[in-house]
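Undergrad: Encoded as structure tokens, here's the structure I'll be asking about.
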Amino acid sequence: MNHSTHSFNLSRLLQLASPALPVGAYTYSQGLEWAVECGWVHNEQSAQDWIDSVLSHAFSSFELPLLQQQLMAWSSNDFSSIKRLNQKFVASRETAEMRAETLQMGYSLLRLANDLDLLANDHKAFFEDTVECAYPTAWSAVATRWKVDVTDALQAYAWSWLENQVMAAIKAVPLGQTAGQRILFNLGAKIQTISIAASVLDECEWSNYSPALSIASSLHETQYSRLFRS
């Protein structure tokens, strides 16, 4: 890959991972808002601990390796594997809010991809036959279309998730911008390591077992006053 091609792919990757991507990610906290409501998260350190726990014990051991497999499957047009992984991810969402989140964001990214003509024809055909599209499925399709390196894609996806969680904490706790940047600095240092580990994790080892996260997400559904949709 020459320098100009690498620069082009990098710019596309930054666009895909940007918080400006119009998929509504900023409207979700994934249970963090309820963790603040009940007092589990109440300051900078507890916010970092909560986000780190989800990153290390749920996101990096399930969503990230699944995304890696989808990236590989898109590259080889293995549509049966993509379909299976998409269904597996939707089924893994343990609460109504988590399920609604991934489906809404997947739908929004697909709509953007169609408006910008970002998908190959055979990929379009796949999505036309897919009733429920999870966000990682749509994201990996666009990343593959833009020929983004798999390792870079995993790290960018993880960074995007982390940034959204920190922004949610800044609003919900609330935290100052400097505190938010400290959390990003501290946890961002783990992105490369967890991405590499996720890329070699066997599917039989995948796990999103996180009871506290599921409880927080469930109770958020009836939280009286809310900023976020999850």
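Undergrad: Every residue in the range 24-48 that is in a helix (DSSP H, G or I) and closer than 11 Å to Ala169 by Cβ, please.
TA: Residues satisfying the conditions are Leu32, Glu33, Ala35, Val36, Glu44, Ser46, Ala47, Gln48.
Undergrad: Does Ala20 meet the test of being hydrophobic (A, V, I, L, M, F, W, C) and in a helix (DSSP H, G or I)?
TA: Here the answer is no, as Ala20 does not meet what is asked.
Undergrad: Quick test for you: out of Ile183, Ile215, Ile194, pick the one residue that is out of contact with any helix residue (DSSP H, G or I) (no Cβ under 7 Å at 6 or more places or on another chain), surrounded by 15 or more Cβ atoms within 10 Å (Cβ to Cβ) and of a type outside the set (D, E, K, R).
TA: Going through Ile183, Ile215, Ile194 in turn, just one is out of contact with any helix residue (DSSP H, G or I) (no Cβ under 7 Å at 6 or more places or on another chain), surrounded by 15 or more Cβ atoms within 10 Å (Cβ to Cβ) and of a type outside the set (D, E, K, R): Ile215.
Undergrad: Among helices (runs of 4 or more DSSP H) lying entirely in the range 87-199, which contain 2 or more residues that are out of contact with any strand residue (DSSP E or B) (no Cβ under 6 Å at 6 or more places or on another chain), under 28 Å from Ala212 (Cα atoms) and free of Cβ contacts under 8 Å to residues at least 12 places away in the same chain?
TA: Correct list: 177-188.
Undergrad: Here's something else I'd like to know. So, in the range 83-132, how many residues would count as being over 23 Å from Trp146 (Cα atoms), at pLDDT below 95 and touching a helix residue (DSSP H, G or I) at 6+ places or on another chain (Cβ under 9 Å)?
TA: Counting residues in the range 83-132 that are over 23 Å from Trp146 (Cα atoms), at pLDDT below 95 and touching a helix residue (DSSP H, G or I) at 6+ places or on another chain (Cβ under 9 Å) gives 1.
Undergrad: Taking the criterion of being surrounded by fewer than 17 Cβ atoms within 10 Å (Cβ to Cβ), of a type in the set (D, E, K, R) and within 27 Å of Phe79 (Cα to Cα), would at least one residue in the range 148-162 satisfy it?
TA: Looking through the range 148-162, at least one residue is surrounded by fewer than 17 Cβ atoms within 10 Å (Cβ to Cβ), of a type in the set (D, E, K, R) and within 27 Å of Phe79 (Cα to Cα).
Undergrad: With the requirement that a residue be among the acidic types (Asp, Glu) and within 17 Å of Gly31 (Cα to Cα), what does the range 78-121 give you?
TA: Glu94, Glu97, Glu101
Undergrad: A further question follows. From the list Leu154, Leu162, Leu119, Leu109, exactly one residue is touching a Lys or Arg at 6+ places or on another chain (Cβ under 8 Å) and under 24 Å from Pro65 (Cβ atoms). Which is it?
TA: Leu119
Undergrad: For the range 194-216, which residues satisfy the criterion of being more than 15 Å from Trp161 (Cβ to Cβ) and of a type outside the set (A, V, I, L, M)?
TA: Matches in the range 194-216: Ser199, Asp202, Glu203, Cys204, Glu205, Trp206, Ser207, Tyr209, Pro211, Ser214.
Undergrad: Could you check the range 63-86 and list, in sequence order, the residues that are outside any helix (DSSP H, G or I) and farther than 20 Å from Leu154 by Cβ?
TA: Asn77
Undergrad: Also, quick follow-up: Keeping to the range 11-66, report how many residues are surrounded by 20 or more Cβ atoms within 10 Å (Cβ to Cβ) and not hydrophobic (A, V, I, L, M, F, W, C).
TA: Count: 10.
Undergrad: Taking Tyr209 and the conditions (1) surrounded by 15 or more Cβ atoms within 10 Å (Cβ to Cβ); (2) assigned to a loop (DSSP other than H, G, I, E, B), which numbered condition does it fall short on, given that it satisfies the others?
TA: Result: Tyr209 passes all but (1).
Undergrad: On to the next question. Among the residues of the range 207-226, is there at least one that is farther than 22 Å from Ala35 by Cβ and among the aliphatic types (A, V, I, L, M)?
TA: no
Undergrad: For Val23, are the conditions met, namely being within 30 Å of Ala179 (Cα to Cα), β-branched (Val, Ile, Thr) and touching a residue at least 12 places away in the same chain (Cβ under 8 Å)?
TA: So Val23 passes the test.
The values are calculated or read from the model by the stated rules, or taken from the named source; none is laboratory data. In this text, all values refer to a predicted model and were calculated from it rather than measured experimentally. Because the Cβ atoms are built from the backbone with ideal geometry, glycine has one as well, and the counts that use them run over all protein chains shown.
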